[in-house]
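The structure under discussion appears below in the form of structure tokens.
The values are calculated or read from the model by the stated rules, or taken from the named source; none is laboratory data. Given the structure is predicted, the values throughout are model-derived calculations rather than measurements. All Cβ positions, glycine included, derive from the backbone under ideal geometry; neighbour counts span all protein chains shown. Side chains included, ligands, DNA and RNA excluded: accessible areas come from the protein's heavy atoms. Shrake-Rupley method; radii C 1.70, N 1.55, O 1.52, S 1.80 Å.
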Amino acid sequence: MYCSLLQVDIPNTAQSEDDVESSMEASKKDNVLRPLKMSKGDLYKAPTVEELNQLKEAESLFHCSLLKMQMEELLKEVALSERRKKLLDSFVEEINDLLQSVPETPVVELTDVSWLEDSAIDVPFTMVPEVNGKFHMEPPASVDLIGSYPLGTCIKPRVTVDLAVTIPPNVLHPMDGINQRYPRKRALYLAGLAQHLASSPEVGPLHFSCLHGNRLRPVLLVTPSGKDSSVTLRIHAIPPPDFLKPSRFHPQKNNIRTDWFTGISSEQEPSTPHYNSTVLGDHLPRPHLQFLTAHSDQCPAFRDAVALLKVWLRQRELDQGTGCFGGFLAAMLMAYLLSTHKVGKTMNAYQLLRNALHFLGKTYYISQHVSLSSLILDPTLRPEFHSAFQVVFVDPSGHLNMCADMTACTYKQIQYEASQSLQFWDDPTLDSFQALLMTPKPMIRTYDNVYQLSDMVKLQASCKKLSLLGSLMDHSGNYVLAVLPFTLSLLQRGLGQRIRLLVHSLPKDPEWSVYSEPPKHKDQPPLSFGMLLNPEQCFSVLERGPPADSPEAAEFRQLWGSLSELRRFQDGAITEAVLWPGSSTCEKRKILLKIITHLLELHADIPNSSVLFVGGRVHEVIKLRKEIKSTGEEESLKVVQSFDDLSRKLWQLEGLPLSITSVQGAHPALRYTQVFPPEPAKLESSFFKKEKTLNALLPQDWKACPHYINPVKVICHMEGSGKWPNERLAIRHIKAAFHLRLGELLKQQHDYMCQATPAHLDVWKDGLLFRIQVAYHREPQVLREKVTPEGLLIVRDNPEAQALEVETQHKPFLTSTLHGLQQQHPCFGAVCRLAKRWLGAQLFMGEIGEDAVDLLVAFLFLQPAPFTPPSSLQVGLLRFLHLLSSFDWRINPLVVNLNGKLTGQRYSKASRESLPVMFIATPNDHKASIWTKTGPSVPVLQRMVTVAAESLHVLEAQFAQPSQNHDIRVVFRPPLEAYDVLIHLKTKQVPLAAQAVDPSPITFPRGISKGEGGSLGGAFPVMDFDPVKLYLSELRDAFGDLALFFYDPFGGKVIAVLWKPKAFEQQPFKVSFKNAVVNEVATTAPNVEAIVEDFRIMGEGLVENVEPRTEKWVV
């Protein structure tokens, strides 16, 4: 973290027990809590040995003592209170008594559920195909607490207590493990329990669910009646101990017969490892609890370490759903580390958690054999597990793979998250606690690209084409789980080096009323695939394969089908290759979607319409024009290339009295962050009025406002010399002379059209306008110097010197630094443009500068913990909105560590109270926050945070349902209800109207002809002419003390006005007050009607109408 070690004065509370007890007794008598009275000697007493050990432990194990306190508070927060435990214990006792009184029922066929008709309870199992067998209800043989609650690792907020109800032996048959007889009897027994519990007034609404999404393992959810629903019991029906032989359920055994499942006999029966592990898992909850309890008793910090690991998993959405790494596996992992002596029994929770993450990040469950049992040490038994399952973690019995349902992609995700967490934890510049244990990581905000597979019923055709009958039988007809491993393998092969990590969503545990049918497989939520992209190769248009004569060529052709073709390359090689269309970055972003849809349709018969790109339409709001398939990257590159050429020519100029020391850009387009980068323009001279005296092209009153020409600012530093004067006015004269001389030389040597002014030199080049400003490095210092009447030289800072320093030093440095960041992360510029597009559309860009927004986005790339730097537009926008809405601006400064130069010790000296409300620290500005010194104000920042939070909520809801075809522009439309006055502008006079979020269908000619930029015939156009910007400046100058003015600089057609509350307070009369009404007691108040009329008069020709919303304010 960017903080020094927090020093906490810990008073010595080592009083005698008698003093403490007497003080407590005195407090009890009058029910008043009083502080303990301590003598001066006790207050300043030397620390005890125990206190010294605690301080030494905090210093050696934690980067900051604050981290230790944070973890201790987190453990207190997630632990169950004594009140909650009492509620749970009493409710468990009530349910236990009810379960002991379950009535017996007559013996019926398994298919006969008529005994449930009176209660309308439905069986939580799809009874297809039918199977023979007998069933009846009896009271359970035993009822036991299992799981995390008796172990002491149950944490909030989702508190669930597991109750194991043992099915009586008379209900079961030794051969029930075959053809789903046991799972069906299990489901029927749960239905019978639900029927009995539903009649009790102590029990609230009953629901069925599935244990980790496994349809073969339904559970009954029981809550108490009344308002307190924070207690949930999860009832499991399990068989008696040693009822079935574990050897019958080894991975290579078959317990689902083909002729029963399909009606067609088969000579060779496939193995059913997943079904076997499901049945076997029901036999072992009690032995597992005994095993974990024994290890937790040996290690005092075991329970706290498991709780921390569960929090870590929950924040990454890895603890729920099919194939998850839940709390049970977390406890088993910790027990494994203890039993194999990889961790010590005396370690604290922090050490145990770090070692567990290190083990997860370094151990490869897919190829390495991890076992808690001594029975599986025989190497001949290991292939059985690895051939049947992708991830192997064997339980203490040696028969059950506890990771049977986990895919290799899920474990790679866990492994990646663990290794990343350790890297972040070891970085002293990060708030590791906040990043790793407090920040949620939903899929759409974590992974660069997310693709959603909808219409799950279409996967039935995939099973048929891929001949997955054995897998379908193994998963009991769940075609989604049967197809999933093949789909993941196919995508991994096809995407190859384009991605760094492929993950998939974990199907959530379904939950339904006991009076409803169980959900069908087709009703499962869409399956999502998340990908971390490799920025260097993800958008490559060429997929180069093996040489045509190699054995791998046939495999490559089989993978890509008709798209594969032979190609000859410049190095002479003839190889198989696939070429994807895409000339612009905007088109290249669609290549991954094309690869996925092609592979799934070719190999799995999944139609293209079933694959959706989550957030794939975000780029539409920064597209230059509808007819152009570009989002501005190519246009920004043209500006940079033209600037580089101009810079070289400036360096090579001959005839200057002083040499040029540096040419630096100071414009957002030169760092790829201009929302709509300048495009080379070719003006139509007939559209303008030519002024011969000025040799300029002027706009005509009766025509639309001409095309806006955005000057690209360039800072040109001249070398220092003794000939430079030490007087500010003389320096400006010298700079004006340099502007004239530079213009003459560029005209003579390169035939550029130039126009010099005292403040800058405008150069027309390649259809772009560059504004060159000469700078002298000592000028800010000269502006700070002042000679007193006594002849003393004093140096005082002033706004003029600060502004010049920002323009000539800080902005060029920021532009060059962010340009380098763009080279490292190609997505940086586009995310900046999206962020500024959103801020502009919400009318906030007048309150926060472009440079500050670029720094906010740079923070997402430089310090992305717990994420990785964004590589796509949609995830960058989501993280920007999350940062803006969740960062604690009131307390914490945002440290943007450009080039890694800013250290914690350097920054910790700054005082938070003296800084702006939004403070952004950089290596060159770690005390003043020059980028946010003038704004945003506290009310505006609060409004930004509120709107960002709501926009994030809307976007995430839209991304969660991409099939609904939502309008992404909803979050870019500002809510205008909160403003007092709306000034509507004429579209004809808004030069950037085409850039609006919702552009008008009526367009006006702006004096631009199609084609590349060309010559203007010697006449200079009007530069940087935006009537709306000028009108806004006049409004703020005239009425800035009375109101705030908000406008979208990217084609907005409305200026929103918000009255300042203090503006309507009665003020003493002054002759200088304008727009005021004098009252009888010589006080003044704003004349609102006159002010609104002035809005209209000042904007004559530009303003369509002024809409005062008087119901929003009272004078």
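What to note about this one:
- Filtered residue count, the range 524-559, keeping only those that are without any contact (Cβ under 8 Å) to a residue 24 or more places away in the chain and not small (Gly, Ala, Ser): 9
- Selected residue [in contact (Cβ under 8 Å) with a residue 24 or more places away in the chain, out of contact with any Phe, Trp or Tyr (no Cβ under 9 Å at 6 or more places or on another chain) and of a type outside the set (Ser, Thr, Tyr)] from Pro246, Pro218: Pro246
Conditions tested, residue by residue: (1) in a helix (DSSP H, G or I); (2) buried (at least 19 other Cβ atoms within 10 Å of the Cβ).
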{"position": "Leu472", "(1), (2)": "yes, yes"}
{"position": "Phe486", "(1), (2)": "yes, no"}
{"position": "Gln497", "(1), (2)": "yes, no"}
{"position": "Val503", "(1), (2)": "no, yes"}
{"position": "Pro507", "(1), (2)": "no, yes"}
{"position": "Trp512", "(1), (2)": "no, no"}
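- Of all residues in the range 734-745, those satisfying the criterion of being touching a residue at least 12 places away in the same chain (Cβ under 8 Å) and either more than 20 Å from Val1022 (Cα to Cα) or open to solvent by 40 Å² or more (accessible area, probe 1.4 Å) (or both) are Ile734, Lys735, Ala736, Phe738, Leu740, Arg741, Leu742, Leu745.
- Some residue of the range 1057-1072 being open to solvent by less than 10 Å² (accessible area, probe 1.4 Å) and either at pLDDT 80 or above or within 16 Å of Gly846 (Cβ to Cβ) (or both): yes
- Look at the range 1027-1048: where a residue is of a type in the set (Gly, Ala, Ser) and a partner is buried (at least 19 other Cβ atoms within 10 Å of the Cβ), sitting 6+ places away or on another chain with Cβ atoms under 7 Å, you get Ala1043/Val1057; Ala1043/Leu1058; Ala1043/Trp1059.
- Test: residue in the range 242-257 that is modelled with pLDDT of 95 or more and touching a His at 6+ places or on another chain (Cβ under 8 Å): no
- Count of the range 449-470 residues which are more than 30 Å from Gln958 (Cβ to Cβ) and either outside any helix (DSSP H, G or I) or touching a Leu at 6+ places or on another chain (Cβ under 7 Å) (or both): 3
- Odd one out for Met127, checked against (1) at pLDDT below 95; (2) hydrophobic (A, V, I, L, M, F, W, C); (3) out of contact with any Ser or Thr (no Cβ under 7 Å at 6 or more places or on another chain): (3)
- Evaluation of Phe433 against (1) within 23 Å of Val391 (Cβ to Cβ); (2) part of a helix (DSSP H, G or I) (one fails), failing number: (1)
- Any hit, the range 790-811, residues being among the basic types (Lys, Arg) and within 30 Å of Ala696 (Cβ to Cβ): yes
- All strands (runs of 3 or more DSSP E) inside the range 561-634 with 1 or more residues being farther than 26 Å from Leu484 by Cβ and touching a Pro at 6+ places or on another chain (Cβ under 9 Å): 574-579
- Some residue of the range 316-334 being in contact (Cβ under 8 Å) with a residue 24 or more places away in the chain and of a type in the set (Asp, Glu): yes
- Residue list for the range 809-859, restricted to those being open to solvent by 10 Å² or more (accessible area, probe 1.4 Å) and β-branched (Val, Ile, Thr): Thr817
- Residue pairs whose Cβ atoms lie under 6 Å apart, sitting 6 or more positions apart in sequence or on different chains, and linking a residue in the range 817-833 that is outside any helix (DSSP H, G or I) to a partner that is open to solvent by 10 Å² or more (accessible area, probe 1.4 Å), are His825/Pro869; Pro826/Pro535; Cys827/Ser871.
- In the range 176-183 there is at least one residue matching the filter, namely being touching a Gly at 6+ places or on another chain (Cβ under 7 Å), part of a helix (DSSP H, G or I) and open to solvent by 10 Å² or more (accessible area, probe 1.4 Å).
- Unique match (being more than 27 Å from the chain's Cα centre (by Cα), surrounded by fewer than 19 Cβ atoms within 10 Å (Cβ to Cβ) and at pLDDT below 95) among Gln320, Gln351: Gln351
- Answer residue from the range 565-590, given it is in contact with a Gly (Cβ under 7 Å, 6 or more places away or on another chain) and open to solvent by less than 40 Å² (accessible area, probe 1.4 Å) and is nearest to Glu635 (Cα to Cα) among those: Ala577
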